[in-house]
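Q: Handing you a structure now.
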Amino acid sequence: MFTPKYPAPDTAPAPLNAPVVRLVPEDEERASTALASSAQPQMPVPPTRRTVQLTPAGVVTIAAGGTAVVLVVGTVLVSMLLAVAITAVSVAVCAVVLRSLLNNHR
């Protein structure tokens, strides 16, 4: 009752993200005879991962870009800290002035 019922393997749909293997025309005849003679279908070959080769100019560009990002982010953070510090000092000055005005009033 609780066991799953799977369809027969030949009626299962093909996966949607399976890579497509394309053959050159002269290999199609050999591939069709090989597929017809084999009892099991062959698994598709996964795509190979390409390696990135950096030139010296590319390394310099990446280093300059990283330095620029660090400088911009640092400038923004320092300016935000400065804005918070200026606001805190002005609030403290206002509090001292209000306290002195209220104490002189009594």
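Q: For LEU102 and LEU54 in one chain, what is 0.36 nm times their gap in residues minus the Cα-Cα distance, to one decimal in nm? Intermediate results must be reported in sequence, preceding the final value.
A: Numbers: separation 48, 0.36 × 48 = 17.28 nm, distance 6.93 nm.
That pair, LEU102 and LEU54, stretches by 10.3 nm at full extension.
Q: Rounded to the nearest 10 Å², what accessible area does THR3 show when all protein chains are kept and the probe is 1.4 Å?
A: Estimated to the nearest 10 Å², THR3 gives 90 Å².
The values are calculated or read from the model by the stated rules, or taken from the named source; none is laboratory data. Every value quoted in this text rests on a predicted model; they were computed, and no experiment measured them. Remember, those area values only see protein heavy atoms, side chains included, never the ligands or the DNA or RNA. Shrake-Rupley method; radii C 1.70, N 1.55, O 1.52, S 1.80 Å.
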